[in-house]
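To keep things clear, I will list the structure first and then write my remarks on it.
The values are calculated or read from the model by the stated rules, or taken from the named source; none is laboratory data. Quantities reported herein were computed from a predicted structural model and do not represent experimental measurements. A quick note on method: Cβ atoms are made from the backbone with ideal geometry, for glycine too, and the neighbour counts reach across all protein chains shown. Side chains included, ligands, DNA and RNA excluded: accessible areas come from the protein's heavy atoms. Shrake-Rupley method; radii C 1.70, N 1.55, O 1.52, S 1.80 Å.
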Amino acid sequence: MKRLQNIFYAVFILFGLSAGKAQTDTTAIATTVMADFTIAFGSCNKNSIPNLLWDDILNTHPDVWIWGGDNVYADTDNMQKLQGFYEAQENVEGYKKLKEKVPVIGTWDDHDYGLNDGGVEYKSKKESQQVFLDFFKVPKESPRRAQEGVYAVHNYETPKGTVKVVVLDTRYFRTALTKDTVTKKRTKPNTYGEGTVLGTTQWEWLANELNTSMADFNILVSSIQVLSNEHGFETWGNFPHEVDKLQKLIATSKAKGVVVLSGDRHISEFSKTTIEGVTYPLIDFTSSGLTHVYSSYSGEENSYRVGAVVSKVSFGTLSFNFETSHIIFKMIGDEGKVLGILEQGFK
């Protein structure tokens, strides 16, 4: 145990960090850390643009790769065209190498769902779901083929502990957004209590997954940000009552080590908040994008942000230590450069 702890904390010496703090815009190269389990994830991927990161993702030796949404950019209700985008992604050489060695799971966002900023109103969502499940090689007899929405749970057991990955669907049931007609922002929060992100059935499913979870860490994959809510784009913050509902569920469920992974924004950042009754902070790790980013980013408000925004192509990793109940979060760019890092304990 001491040796494993020393290896983990050596990372912070290497990057000049102290526990609980974040650092961004580093020039260090990602090194292999002796972790008990490693997740790699990312979002916003156009197969028409060269993806320079697949070899770097493989070099982190992940136990699973998680697509965070906008896995392809289709924006169509033509299922043959949508399938063509997925097939093109399947044939990307770097991705093919990743699939040979690493299990792949994930969710969708609007552009692979089929409608920009789309939600419950998208008329081809049932057909799109089947094409999505084909991409993830979900068996034809799987219950996911019959349910509405692509949400799913994946449990990973190791000799030292368990990670539960709860993949959410923030598209299929999401009701209308409220346009902001006063400022230059695209949207503003709905009236409190109006609308939903997950819908009734998915909320019930999520509550059961957290209430019954015995996992050491519970990772929620949300295609859109949960905490950052001031930018005027898509976010759980457009439904503030849904954010409150999620935080209450995390508290009452007593689930261990709940973390949110998000994408969509074409920037990467760490957000953090405290929840009454929860002994650890809730972290929302946004990693976006894999092939294109908000390169002209000049700043936006996020009261929950820890560290600085990264607007370079990157992916995220989570390195778990079950003995110390710690996770090291990293934003990693081309050639393995660490662009941001955060360490957090979950006891």
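Please work out the Cα center distance from the stretch 295-339 to the stretch 181-220, rounded to the nearest Å.
Centre-to-centre (Cα) distance: 23 Å.
With a sphere of radius 14 Å drawn around the Cβ of Leu58, what net charge do the other residues whose Cβ falls strictly inside it have (Lys, Arg +1; Asp, Glu -1)? Don't skip to the end; give the middle numbers.
Values: positive: Lys96, Lys97, Lys99, Lys101; negative: Asp55, Asp56, Asp63, Glu93, Glu100, Asp334, Glu335.
Around Leu58, the charge tally is -3.
Just need the relative contact order of the chain here, percent rounded to a whole number, with Cα pairs under 8 Å and 6+ apart.
21 percent
At 0.36 nm per residue, and after removing the present C-alpha to C-alpha distance, how many nm does the segment from Tyr192 to Asp334 gain when stretched out fully?
Numbers: separation 142, 0.36 × 142 = 51.12 nm, distance 4.18 nm.
So the chain would gain 46.9 nm between Tyr192 and Asp334.
With the convex hull built on the Cα atoms of the stretch 197-347, state its orientation-averaged projected area in nm².
Values: hull surface 36.2 nm².
The orientation-averaged projected area of the Cα hull of the stretch 197-347 comes to 9.1 nm².
Excluding ligands and nucleic acids, what accessible area in Å² is computed for Glu323 using a 1.4 Å probe, to the nearest 10?
So the heavy atoms of Glu323 present about 60 Å² to solvent.
How many nm separate the modelled label positions at Arg145 and Glu204, each set 7 Å beyond the Cα in the direction of the Cβ?
Distance between label points: 2.4 nm.
Sketch the reach of a paramagnetic label on Tyr294 as a point 7 Å from Cα along Cα-to-Cβ, and name the residues of the stretch 164-188 whose backbone nitrogen lies under 17 Å away.
Flagged as within label range: 180, 183-188.
Report the FRET efficiency, 1/(1 + (r/R0)^6), for Val182 and Asp77, where r is their Cβ-Cβ distance and R0 is 35 Å, rounded to 0.05. Walk me through the intermediate numbers first.
Values: r = 32 Å, r/R0 = 0.92.
According to the calculation, E is roughly 0.60.
Classify the stretch 107-152: rounded, prolate or oblate, from the alpha-carbon gyration tensor (a ≥ b ≥ c, eigenvalue square roots; a/c under 1.5 rounded; otherwise prolate if a/b is larger than b/c)? Display every interim value, and only then the final one.
Values: a/c = 2.22, a/b = 1.80, b/c = 1.24.
Judged from the Cα gyration tensor, the stretch 107-152 comes out prolate (a/c at least 1.5, a/b above b/c).
Highest first, please rank the peptides 138-150, 222-234, 269-281 by the mean number of other Cβ atoms sitting within 10 Å of their residues. Mind showing how you got there, number by number?
On the way: 138-150: 13.2, 222-234: 22.7, 269-281: 16.9.
Packing proxy ranking, top to bottom: 222-234, 269-281, 138-150.
Per residue, how much accessible area does the stretch 128-182 have with a 1.4 Å probe, in Å²? Please report the intermediate quantities before stating the final value.
On the way: 2560 Å² over 55 residues.
Accessible area per residue, the stretch 128-182: 47 Å².
Need one number: nm distance between label points at Ile49 and Thr212, each 7 Å from Cα along Cα→Cβ, rounded to one decimal.
Distance between label points: 4.1 nm.
Place a label point 7 angstrom from the Cα of Thr279 along the Cα-to-Cβ direction, then list the residues of the stretch 149-163 whose backbone nitrogen is under 17 Å away.
Within reach of a label on Thr279: 162.
Treating the stretch 127-195 as a set of equal point scatterers at the Cα positions, no solvent, please give the Debye-formula log₁₀ I(q)/I(0) at q = 0.18, 0.21, 0.24, 0.26 Å⁻¹.
For the requested q values the scattering log ratios are -0.84, -0.93, -1.04, -1.14.
Once the other residues with Cβ under 10 Å from the Cβ of Phe37 are scored (Lys, Arg +1; Asp, Glu -1), what is the net sum? Don't skip to the answer; put the middle values down first.
Numbers: positive: Lys160; negative: Asp36, Asp63, Glu157, Asp216.
Once positives and negatives cancel, what remains is -3.
Which of the pairs Lys179/Lys256; Lys46/Lys123; Lys96/Lys185; Lys125/Lys330 have their Cα atoms more than 31 Å apart in this structure? Intermediate values should be presented prior to the final figure.
Working: Lys179/Lys256 37 Å; Lys46/Lys123 24 Å; Lys96/Lys185 39 Å; Lys125/Lys330 33 Å.
With Cα atoms farther than 31 Å apart: Lys179/Lys256; Lys96/Lys185; Lys125/Lys330.
Please compute the modelled spin-label separation between Asn116 and Lys248, points set 7 Å along Cα→Cβ, answer in nm with one decimal.
Placing both labels 7 Å beyond Cα along the Cβ direction yields 3.6 nm.
What's the extension gain from Lys99 to Ser303 if we count 0.36 nm per residue and subtract their Cα-Cα distance?
Numbers: separation 204, 0.36 × 204 = 73.44 nm, distance 3.74 nm.
Stretched out fully, the Lys99 to Ser303 stretch lengthens by 69.7 nm.
I'd like the trypsin sites (Lys or Arg not before Pro) in the stretch 156-214 restricted to DSSP loop residues with at most 10 other Cβ atoms within 10 Å, sorted by number.
Working: sites: Lys160, Lys164, Arg171, Arg174, Lys179, Lys184, Lys185, Arg186; in loops: Lys160, Arg171, Arg174, Lys184, Lys185, Arg186.
Qualifying residues, ordered by number: Lys184.
Rounded, prolate or oblate: which fits the chain when a ≥ b ≥ c are the square roots of the eigenvalues of the alpha-carbon gyration tensor, with rounded for a/c under 1.5 and prolate only if a/b beats b/c? Working shown, then result.
Working: a/c = 1.33, a/b = 1.21, b/c = 1.10.
Judged from the Cα gyration tensor, the chain comes out rounded (a/c under 1.5).
Under the definition of Cα pairs under 8 Å and six or more residues apart, what whole-number percent is the relative contact order of the stretch 28-106? Could the numbers behind the result be given before it?
Values: 88 pairs, mean separation 28.2, N = 79.
So the answer I get is 36 percent.
Just to compare against my own numbers: the Cα pair-distance distribution for the stretch 87-164, 5 Å bins, whole % per bin, please.
For the stretch 87-164, the pair-distance distribution reads 3, 12, 20, 20, 20, 14, 8, 2, 1, 0.
Provide the descending list of Cα extents for the stretch 263-306 along its principal axes, expressed in whole angstroms.
39, 20, 12
Could you give P(r) for the stretch 223-275, binned at 10 Å from zero, as whole percent values over all Cα-Cα pairs?
All Cα pairs, binned at 10 Å, distribute as 23, 55, 21, 1 percent.
Highest GNM mean-square fluctuation, the chain, Cα pairs closer than 10 Å: which of Trp67, Trp108, Trp203?
Trp203
Can you list the HN-Hα couplings for the stretch 93-101, worked out from phi with the Karplus curve (6.51, -1.76, 1.60; θ = phi - 60°), rounded to whole Hz and with x for Gly and Pro?
Ordered by residue, 3J(HN,Hα) equals 4, x, 5, 4, 5, 4, 4, 5, 10 Hz.
Normalised by the residues of the stretch 267-347, what does the relative contact order come to in percent, with Cα pairs under 8 Å and at least six apart? It would help to have the intermediate numbers written out before the result.
Details: 156 pairs, mean separation 22.3, N = 81.
Dividing the mean separation by the residue count of the stretch 267-347 yields 28 percent.
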